[in-house]
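The structure appears below as structure tokens.
The values are calculated or read from the model by the stated rules, or taken from the named source; none is laboratory data. Small disclaimer: the values here were computed from a predicted structure and weren't measured. Positions of Cβ are backbone-derived with ideal geometry, glycine not excepted, and every protein chain shown enters the neighbour counts. Surface accessibility is based on the protein's heavy atoms, side chains included, excluding ligands, DNA and RNA. Shrake-Rupley method; radii C 1.70, N 1.55, O 1.52, S 1.80 Å.
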Amino acid sequence: MRVQAQGRAHNRKKFRETCETVVVSGHGGLLLLKHEVDDGEMLVITNPETQEEQECRVVYLGDPGDKGQRVGIEFLTPAPRFWGVDFKDAALADNSSAVH
């Protein structure tokens, strides 16, 4: 999924870029960013389909690569509907199969 991320890059300059998600959850996700950011940096990500914005904190930095850097983000407040995926049903399905 494509989202827009904005914040301050490693050089402290403001940036705004459209990036890809690698993994998503109700608590955050893993983005592929072209701009290098610092661990603990605050970002605002926007879902282009809904225009919903979420403030998040950088909690993981992968090694920079040709396509960008994997950046783990954590929402400041849980937002399970931000991605347009229903995580609650997935958790229930996992639990019910484990019980049997």
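If we scan the range 12-25, do we find a residue that is farther than 13 Å from Arg70 by Cβ, open to solvent by less than 20 Å² (accessible area, probe 1.4 Å) and in a strand (DSSP E or B)? Yes; the residues of the range 12-25 include at least one that is farther than 13 Å from Arg70 by Cβ, open to solvent by less than 20 Å² (accessible area, probe 1.4 Å) and in a strand (DSSP E or B). Criterion applied to Gly29, Gly7 was being at pLDDT 95 or above, farther than 20 Å from Pro80 by Cβ and not polar (S, T, N, Q), and the one residue passing it is Gly7.
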